[in-house]
Amino acid sequence: MMEKSGIGIFPGIVVGRAAVFNHMVQDSVEHALADDSSAELRSFEEARESVLSSIRSLKPATDEEKAMLGVYESMLSDPDYLALIRENITERRYTASWAVEAATEKYTAALAALGDAYFAERIADIKDAESRLLAAISGMVAEIAVTEPSIIIADYLMPTELMQMDRKHVLGLLLDGGGPTSHIAILAHSYEIPAIVGLGDISSSADDGSIVAMDAKDGVAVLDPDEKTVRSFRARRGIAIRNEAELRKEAEHPAITADGHRIHLMCNIEGTDGIEGAIAAGAEGIGLFRTEFLALKDFGSEESRAAVYAEAAKRMGPYGPVTFRTYDLGGDKMADGMDNGEANPILGWRAVRFCMERRDIFRSQLMSILRASALSPSVRLMFPMISGSEELLEVLAFLEDVKDECRKKGIVFDENMKVGTMIEVPSAAITADIIADHVDFMSIGTNDLIQYTIAVDRGNEKIAHLYSPLHPAVLRLLKYVADSAKKKGVTVSICGEMAGQAEYAPLLVGLGFDELSMTAHSVLEVRKRIRSLDWESCADFADRVLSLPDATSIENALREYNGKA
């Protein structure tokens, strides 16, 4: 029996047989120089066309799938990547396989050297292209065939591989690498498949066909469990299923504390496919629609975007507002054609900074959102990464110019559409009282706010332990933003990961937040927690916590409060 710990992606407790797949073994290439470079070049070009044809033949059913397939198609058409492969063949006289391996190694090494978690996870995308190219060159079919219910264990898993599987047989996923923002993690969450990533060497430790137990909520997997462990996991699974059923029964009830204080729970989504889950969970709107996810391949036409935005607003409209965040591109999310030559992209040309430089792209998106607003009064607009009032006013002035252009063109839109901004950097949080004078609402992105406030890249393993949502500086900023918003009569919400963790609910409610936005699954657990709380008690607790000196003290106090409340 062997226990492994990793990062849980979508919760679920499963016991089943392992289907082990290791790309490292299947993708090995015999390095050799070519006898005939022309033949090798022809072999590569034919393989590339075959892979592209295969990807284009897939029928994406969701917005996530469409965007991801676009990323892979763009990668296989990347001029620099292709030029390096062709140069390896024609000038260095490598075989086609070796040329692909060498080019891929150079690209993945460059990404790894950036030291950024998001870019490190993009290595899996390049490996997808490489694996498919190598398979096509060798004449092998690169796919994982699952014919019976199994827990897939692999060194890594490519999104296209998961898309091609018969997913009714996929009980869960256990992967050596990956992270919470990797494409495979996003797909696993979308498909609601229990998954754990970052398990190290599990693919080389597990035997094909052996019994495996996994708890994806806690990020724990047990290889070859004994009978006692199997019984324990199965018992916990039964309890989890019953709890899920009970939580869903409460989906029709509002999140109201025991002493009558209403908290509005909303959802974060990447595309229209998340709407049904939000409705089923009883969400009261979409607090964050990440529009950049649909732009990873290309920005599309104004009309096509407006149709997507309008569809989301009309479907969710009866339940609450739909908040479209304008493109948060650049930094860690690069669309096709964006140049990333910055030494520190996370602090560089991104979000509104990118949009205000590329006003053609920004104008078109704003027009799409304005068009959608005419079809549903639920549409709200939100700007990301605003650093202060000066930047905000510049963006708002541009929005007014776009509105004037719409009026001149006869494009109808909601003149009363609510406009807000994200609070993600300390400068914005500290001047929230000033920013509140110019917007209808504010939404705190705690993921970035925490990172920037305590100068910790949580993707950096050496300092990840310093990343703490409960750092006193973070909590004091949250309190200041909440108080500033209320003084100015502006609504304020939290849409970062903190909002979706039930254990933080007493603290966030006590700090003064009446609106929280999270994943649909988290809505169920957070609602239950809120309905058990007393608002006045939470407020007193938050006041006491703000006087504590460090994150450890606050964490201990919160743990004690959750045990009592």
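When restricted to residues that are in a helix (DSSP H, G or I) and free of Cβ contacts under 8 Å to residues at least 40 places away in the same chain, region 510-536 contains 4.
Within region 294-316, restricting attention to residues that are modelled with pLDDT of 90 or more and in contact with a Gly (Cβ under 9 Å, 6 or more places away or on another chain), the residue that is nearest to Leu370 (Cα to Cα) is Ala312.
Picking from residues in region 276-290 that are within 24 Å of Met442 (Cβ to Cβ) and not in a loop (DSSP other than H, G, I, E, B), the one that is nearest to the chain's Cα centre (by Cα) is Arg290. For Leu516, the test of being more than 30 Å from Arg242 (Cα to Cα) and either in the same structural domain as Gly178 (by TED's automatic domain parsing) or crowded, with 18+ Cβ neighbours inside 10 Å (or both) is failed. Based on this model, can you work out whether Thr491 counts as touching a residue at least 40 places away in the same chain (Cβ under 8 Å) and under 19 Å from Ile423 (Cβ atoms)? When the stated conditions are applied, Thr491 passes them. Taking residues in region 444-467 that are assigned by TED's automatic domain parsing to the domain that holds Asn268 and part of a helix (DSSP H, G or I), and partners anywhere that are of a type in the set (Lys, Arg) and modelled with pLDDT under 90, the pairs with Cβ atoms closer than 7 Å and at least 6 places apart or on different chains are Gln451/Arg458; Ala464/Arg458.
Selection of first residues in region 404-430 that are of a type in the set (Phe, Trp, Tyr) and of second residues that are in a loop (DSSP other than H, G, I, E, B), restricted to Cβ pairs under 8 Å at least 6 apart or on distinct chains, gives the following pairs, ordered by first then second residue: Phe413/Ala374. I want to confirm something. Restricting to region 223-239 and keeping residues that are in a helix (DSSP H, G or I) and charged (D, E, K, R), which single residue is surrounded by the fewest Cβ atoms within 10 Å (Cβ to Cβ)? The selected residue is Glu227.
Those residues that are farther than 20 Å from Glu357 by Cβ and in a helix (DSSP H, G or I), I need them from region 390-426; list them, please. Lys403, Asp404, Cys406, Arg407, Lys408, Lys409, Pro426 - these are the residues of region 390-426 that are farther than 20 Å from Glu357 by Cβ and in a helix (DSSP H, G or I).
Is it the case that region 382-404 has a residue that's basic (Lys, Arg) and surrounded by fewer than 21 Cβ atoms within 10 Å (Cβ to Cβ)? Taking every residue of region 382-404 in turn, at least one turns out to be basic (Lys, Arg) and surrounded by fewer than 21 Cβ atoms within 10 Å (Cβ to Cβ). Is it true that some residue in region 200-212 is of a type in the set (A, V, I, L, M), in contact (Cβ under 8 Å) with a residue 60 or more places away in the chain and more than 29 Å from Ser54 (Cβ to Cβ)? Yes, there is a match, as at least one residue in region 200-212 is of a type in the set (A, V, I, L, M), in contact (Cβ under 8 Å) with a residue 60 or more places away in the chain and more than 29 Å from Ser54 (Cβ to Cβ).
The values are calculated or read from the model by the stated rules, or taken from the named source; none is laboratory data. Values in this document were obtained by computation on a predicted structure and should not be read as measured data. Glycine gets a Cβ as well: all are built from the backbone with ideal geometry, and neighbour counts include every protein chain shown.
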